[in-house]
Amino acid sequence: DTEVTQTPKHLVMGMTNKKSLKCEQHMGHRAMYWYKQKAKKPPELMFVYSYEKLSINESVPSRFSPECPNSSLLNLHLHALQPEDSALYLCASSQDRGRQETQYFGPGTRLLVL
Amino acid sequence: AQKITQTQPGMFVQEKEAVTLDCTYDTSDPSYGLFWYKQPSSGEMIFLIYQGSYDQQNATEGRYSLNFQKARKSANLVISASQLGDSAMYFCAMKGIQGAQKLVFGQGTRLTINP
């Protein structure tokens, strides 16, 4: 089973709202990732968690706040977003961060910021 | 720095034909992994196939095979007997020691299968 689940599938929020994206995997993977993808572009890495610790933050604005409550869960807390933050947000996981390890992606959350 | 180049922004192929999607890469890492992903319009990134830089044989997974030419730094994806459901965006990606082992993506190729 290589399933990564993400909720919600779609999200519309105003610039003053606070919302959270959720990602879950039960493959025993110890690395989890958040990506942002704009239309017709490849995914851009935002954050990497390895063994539940934040190991990479790609200079993401503080209005995005990641959290890894346990080895199966990854959250992305959103606050005071801008319309340009509208995008597809993808979560992924892999066994670890080794270069031979495949990242498995979830279905994504389509976010629209009004 | 690591870089992936996909030179075909779009491809149109007749159903049941074979199709080759091009991917070239640039790295100074002696050891790296190459990946292909499919992204339908629904948005999910679906893992297709993996090739390790030290693998002696080209990877195959069902109708997908990877034409790996290490000296030319190319890792082309071959889809045999294409189907309408193969219409999607295809991304080539690599991961090595450089760049903190982050997955580096190409710009993608939009494949359209015509009936």
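The values are calculated or read from the model by the stated rules, or taken from the named source; none is laboratory data. The structure displayed is predicted, hence computed values, not measured ones. All Cβ positions, even for glycine, are placed from backbone atoms using ideal geometry, and neighbour counts span all protein chains on display. Heavy atoms of the whole protein, side chains included, go into the accessibility calculation; ligands, DNA and RNA do not. Shrake-Rupley method; radii C 1.70, N 1.55, O 1.52, S 1.80 Å.
Considering only A:103, A:76, A:29, the residue lying farthest towards the positive end of the dipole of segment A:2-108 is A:76, judged by Cα position with unit charges set on Cβ.
Mean shadow of chain B, computed from the convex hull of its alpha carbons, in nm²? Computed as one quarter of the Cα hull surface, the answer is 6.8 nm².
Within 10 Å of each Cβ in B:101-110, how many Cβ atoms from other chains are there, averaged over the peptide? Walk me through the numbers on the way to the answer.
On the way: counts 10, 7, 13, 2, 7, 1, 3, 4, 0, 1.
Rounded to a whole number, the mean comes out at 5.
Listed as lacking a disulfide-compatible partner in the protein assembly as shown: A:68, by the criterion of no other cysteine Cβ under 4.7 Å. Between residue A:44 and residue A:95, the modelled label-to-label distance comes to 3.2 nm, taking each label 7 Å out from Cα in the direction of the beta carbon.
Quick one: if you stick a label point 7 Å off each Cα along the C-beta vector at residue B:28 and residue A:52, how many nm between them? For the pair residue B:28/residue A:52, the computed spacing is 3.9 nm.
Kindly give the semi-axes, whole Å and largest first, of the ellipsoid equivalent to chain A, taking each as the square root of 5 times a Cα gyration tensor eigenvalue. Intermediate values should be presented prior to the final figure.
On the way: eigenvalues 104, 38, 35 Å².
Here the semi-axes work out to 23, 14, 13 Å.
Residues whose amide H lies under 5 Å from that of residue B:49, counting only those 5 or more places away or on a different chain, are B:36; hydrogens are built 1.01 Å from N in the peptide plane.
Rolling a 1.4 Å sphere over the protein heavy atoms, what is the accessible area per residue of the protein assembly as shown, to the nearest Å²?
With all protein chains present, the protein assembly as shown gives 47 Å² per residue.
Sequentially through segment A:62-75, phi angles give Karplus couplings (6.51, -1.76, 1.60; θ = phi - 60°) of 5, 5, 9, 10, x, 8, 10, x, 7, 5, 9, 10, 9, 10 Hz, Gly and Pro residues having no value and appearing as x.
For segment A:97-114, 3J(HN,Hα) computed residue by residue from phi via the Karplus equation (6.51, -1.76, 1.60; θ = phi - 60°) reads 9, x, 6, 9, 8, 6, 8, 9, 9, x, x, x, 10, 8, 10, 10, 9, 9 Hz, glycine and proline entered as x.
Taking R0 as 35 Å, what's the FRET efficiency between residue A:7 and residue B:57 from their Cβ-Cβ distance, rounded to 0.05? Write down the numbers at each step before the final one.
Working: r = 40 Å, r/R0 = 1.14.
Here the calculated transfer efficiency is 0.30.
Inter-chain neighbour count for B:42-51: the average number of beta-carbon atoms from partner chains within 10 Å of each residue's beta-carbon is 5. Mean per-residue shielding of peptide A:95-107 is 6, counting Cβ atoms of other chains within 10 Å of each Cβ. Ignoring lysines fewer than eight residues from residue A:38 along the same chain, the ones with Cα atoms less than 27 angstrom from its Cα are A:9, A:18, A:19, A:22, A:53, B:3, B:38, B:95, B:102.
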